[in-house]
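Only one structure is covered here, and it is reproduced in the block below.
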Amino acid sequence: MIEQAVGRPLVLGLVALVALLLSSGLIIVLRPWLARRTLARPNARSSHNEPTPQGGGIAVVIATFAIAWAAIALLPSFVPNASGEFLALTAAAVLLAVVGALDDMYALPEAPRLALQFVAVGLVVAALPNDLQVLPQLPWWIERAGLFFGLVWFVNIANFMDGIDWMTVAEVVPLAGAVTLVGVLGTVELLPTLVAAALLGAILGFAPFNKPVARLFLGDAGSLPIGLLLGWLLALAGRGHLAAALILPLYYVADATVTLAGRLARREPVWQAHRTHFYQRATDNGFTVPEIVVRVVLVNLALAALALVSVAAQSVVGSLAALAASIVLVAWLLAIFARLKR
């Protein structure tokens, strides 16, 4: 077969390249309409000073799924028996993109927005392979419940953390790149590897438009389905590699979770927008957006390397050592962001 002859790296490289080109092309076409309908205007919680179009993430989502579906259709033996699970993921992502787009334009109430997130995540969890268990020690139904709430949290993390230029790019590129690389080596199944490669290319196609100072934002139309994609990738990649799945998103998860815990402790309304994430506090403490993003990228690349080390180690000790080093690294970055720049 042709996919066997050309090999996995070439197919995945082509997937990423075509996704990049499609994402960029869609943004060029959609940006004038987004500028008329979805302007994000500065307010007290914003990190930008000029009205900026949002919703560019819809191009990332379309490119990711269109290219992944094309690869599944053109190379059926490359990803066999994947259409059912991927159809559920696609439907859930479309639902979240629609919810996000409506929120970008009309500011939906919190309750229906969260309810629709539950529906989307429920579709994905219901379609997961029955034999998928990240933690085989747990009863199946407890793990499925954990995956459900974990995916809901990841959908919201991606939304919370998309607060300055290039922040989501700084997270998605190392994470998707690491999953793709591990998939090339045959450690992760082909479907998540294919989706990771498509997402990697699509977010790189978006990156030039979002570089500081951004001409376009992802918007909720992009951040919500991208959060779902990242959570789904980590759930599948985590089978047999739990430490790697914990390490890869550690900065994102730590910043969002510690911030939420602090707001709960202070009895603040956690559903309201705010500027208390560590990366947002860094801007108030004298860091520029490029300085913040560079630090996040470097830490995420280090996390990706530590995740790969944990996969290669194939031992509990090696995985725990990599996880411990990751926790120290992320704690150091959060501490840097929380204090005034020297």
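Data table
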| read-out | value |
| --- | --- |
| The stretch 91-116 and the stretch 320-342: distance between their alpha carbon centers, rounded to Å | 33 |
| With all protein chains modelled, accessible area of Arg37 [1.4 Å, Å²] | 110 |
| In Hz, Karplus ³J(HN,Hα) per residue of the stretch 158-172 (6.51, -1.76, 1.60; θ = phi - 60°; x = Gly, Pro) | 4, 6, 5, 8, 8, x, 9, 4, 6, 5, 5, 4, 5, 8, 6 |
| Volume of the Cα convex hull of the stretch 20-149, divided per residue and given in Å³ | 153 |
| Solvent-accessible area, 1.4 Å probe, carbon plus sulfur percent, for the chain | 70 |
| Descending principal axes extents, the chain, alpha-carbon based, whole Å | 56, 48, 36 |
| Column: log10 I(q)/I(0), Debye, Cα scatterers of the stretch 144-207, q = 0.13, 0.17, 0.23, 0.26 Å⁻¹ | -0.42, -0.69, -1.02, -1.07 |
| Intensity falloff of the stretch 28-89 expressed as log10 I(q)/I(0), Debye formula with alpha-carbon point scatterers, at q = 0.14, 0.16, 0.27 Å⁻¹ | -0.60, -0.67, -1.09 |
| Ordering of 262-269, 50-57, 140-147 by burial proxy (mean other Cβ atoms within 10 Å per residue, highest first) | 50-57, 140-147, 262-269 |
| Angstrom value of the Kirkwood radius, inverse mean 1/r, which spans all Cα pairs in the stretch 117-249 | 15.2 |
| Residue-span extension gain [Ala115 to Leu298] - 0.36 nm each, minus C-alpha spacing | 62.3 nm |
| Value of Rg to Rh for the stretch 234-342 (Rh from inverse mean 1/r over Cα pairs, i.e. Kirkwood) | 1.03 |
| Whole-angstrom gap from the stretch 173-233 to the stretch 276-304, using each part's C-alpha centre | 19 |
| Peptide ranges 303-311, 197-205, 102-110 listed from the most packed, as the mean C-beta count within 10 angstrom indicates | 197-205, 303-311, 102-110 |
| Accessible solvent surface per residue of the chain, calculated while the other protein chains remain in place, 1.4 angstrom probe, Å² | 44 |
| Debye, to nearest 20: dipole size of the stretch 50-188, +1 on Lys, Arg Cβ, -1 on Asp, Glu Cβ | 360 |
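The values are calculated or read from the model by the stated rules, or taken from the named source; none is laboratory data. In this text, all values refer to a predicted model and were calculated from it rather than measured experimentally. So basically every Cβ, Gly included, is an ideal-geometry build from the backbone, and we count neighbours across all protein chains shown. Ligands, DNA and RNA are stripped out before the accessible areas are found, and what is left, the full protein with its side chains, is counted by its heavy atoms. Shrake-Rupley method; radii C 1.70, N 1.55, O 1.52, S 1.80 Å.
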